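Okay, so here's the structure we're looking at.
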Amino acid sequence: MSTLSELAIGFVGLGNMGGPMAANLARGHGALRVYDQAGTASRAPDGSVVCESVAGLSAQVDTVSMCLPDGRAGLSVAREILAAPRSRVRTVADHSTVGIAAAESLHRCFADGGIEYVDAPVSGGTAGAAKATISVMYAGSAATLERLRPVFATMSKHVFHIGETPGQGQAMKLVNNFLSGVAMAATSEAVAFGVGRGVSMRTILDVLNVSTGRNTATSDKFPNRILTETYDAGFTSTLLAKDLELYEQALANDGAANPVSATVVDLWRQLDAAEGPADFTRIYPFVRDRRYRKA
Ligand code: NAD
């Protein structure tokens with residue numbers, strides 16, 4: 001296993017999730033290079049080195065971590081890395097949720113340029129990113145995992161080697177986010193039902209969290225973001241709708257049944273269309289106020 005100081009590392013995408021992940025990496029690594037197209041200086045974590053462009057970053061690092069909104073942004077950054085005149089990049093670890101097909105095409109695109117691409121999407125939310133408790137779902141070779149382990153260790157206590165094939169990390173991430181999206185949607189409907197019968201939300205959550213209805217919505221999002229009416233999970237309806245559409249698309253490609261996902265994906269799409277990139281915890285008032293259209 002290499003040590004962190006042996007790697008020259010860059011991080012692209014310093015948003016809600018990438019920002020705190022890069023901050024943890026910068027704490028463990030003296031000279032993390034960073035870049036974000038929306039403005040790097042204001043997003044750069046303490047101790048990191050601001051780069052003016054992806055090309056500039058690529059000239060200074062051998063390993064790039066990225067946390068970008070979707071596959072389209074991933075492909076755009078891939079083109080910039082591959083076109084960078086003095087690029088030293090040999091490995092790209094992608095923490096974005098891009099779906100299986102985009103991970104496969106990013107892998108091919110980087111491989112053509114002699115760069116190894118591994119998909120390593122993450123889960124645990126912005127709070128987990130800040131506390132370095134997120135999970136990492138890595139797909140790629142065991143040898144590269146050993147080389148990247150010190151990087152991942154600064155961001156996560158839960159690194160899983162899902163498989164050797166690019167896209168398998170994404171498959172695992174879609175499994176997770178589908179269940180997370182179902183839990184939020186179903187819990188919103190159930191809690192609204194209970195509140196409508198005069199039971200307080202606090203009581204409903206206290207009961208559920210020691211009973212069989214417990215899930216991540218009842219244990220985390222509802223008590224910490226919805227009961228408080230802060231709606232501040234830092235994950236947008238746009239990104240969750242994207243994840244669920246990627247899941248739906250992958251099911252369709254397999255010709256698999258989708259009795260649950262068809263309903264749930266439609267609900268999240270409707271929230272996103274109604275409220276734009278709202279915090280995804282806004283699903284509760286959206287369902288409670290019956291603002292959705294029945295299919
Ligand atoms: P975000 O929109 O807050 O951040 C994305 C960042 O990428 C932005 O700062 C944007 O300026 C930057 N960016 C976009 N295109 C770029 C480009 N071409 N070059 C350089 N920078 C570019 O999104 P986020 O919430 O941080 O999510 C990032 C990824 O992580 C997504 O794929 C999301 O699905 C996944 N994710 C998010 C969460 C969460 O709780 N927010 C949890 C797990 C996984």
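The values are calculated or read from the model by the stated rules, or taken from the named source; none is laboratory data. Just so it is clear, the structure is predicted and the values come from calculations on it, not from any experiment. Positions of Cβ are generated from backbone atoms using ideal geometry, with glycine treated the same way; all protein chains shown enter the neighbour counts. These accessible areas exclude ligands, DNA and RNA; they are computed on the full protein's heavy atoms, side chains included. Shrake-Rupley method; radii C 1.70, N 1.55, O 1.52, S 1.80 Å.
When residues in segment 33-55 are screened for being in contact with a Ser or Thr (Cβ under 7 Å, 6 or more places away or on another chain) and not in a strand (DSSP E or B), 1 of them pass. When the residues of segment 220-246 are filtered to those that are within 16 Å of the ligand (Cβ to nearest atom) and part of a loop (DSSP other than H, G, I, E, B), the one that is nearest to the chain's Cα centre (by Cα) is F235. Scanning segment 56-73 for residues that are open to solvent by 50 Å² or more (accessible area, probe 1.4 Å) and either closer than 11 Å to G13 by Cβ or within 8 Å of the ligand (Cβ to nearest atom) (or both) yields P69, D70. Cβ-Cβ contacts under 6 Å between residues 6 or more apart (or on different chains), taken from a first residue in segment 91-116 that is without any contact (Cβ under 8 Å) to a residue 60 or more places away in the chain to a second residue that is open to solvent by 40 Å² or more (accessible area, probe 1.4 Å), are listed as T91/E116; G113/L82.
When A217, A192 are checked against the criterion of being part of a helix (DSSP H, G or I) and within 16 Å of the ligand (Cβ to nearest atom), A217 stands alone in meeting it.
Applying the condition of being of a type outside the set (K, R), more than 13 Å from the ligand (Cβ to nearest atom) and farther than 18 Å from S135 by Cα to segment 5-27 and asking which residue is most open to solvent (accessible area, probe 1.4 Å) yields E6.
Residue by residue, here is whether (1) away from the ligand (no atom under 13 Å from the Cβ); (2) open to solvent by less than 60 Å² (accessible area, probe 1.4 Å); (3) of a type outside the set (D, E, K, R) holds:
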site	(1), (2), (3)
E248	yes, yes, no
L251	yes, yes, yes
D254	yes, no, no
S261	yes, yes, yes
V265	yes, yes, yes
L271	yes, yes, yes
A274	yes, yes, yes
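The residues on offer are S156, S76, S53, S87, and the sole one that is buried (at least 18 other Cβ atoms within 10 Å of the Cβ) and within 12 Å of the ligand (Cβ to nearest atom) is S156.
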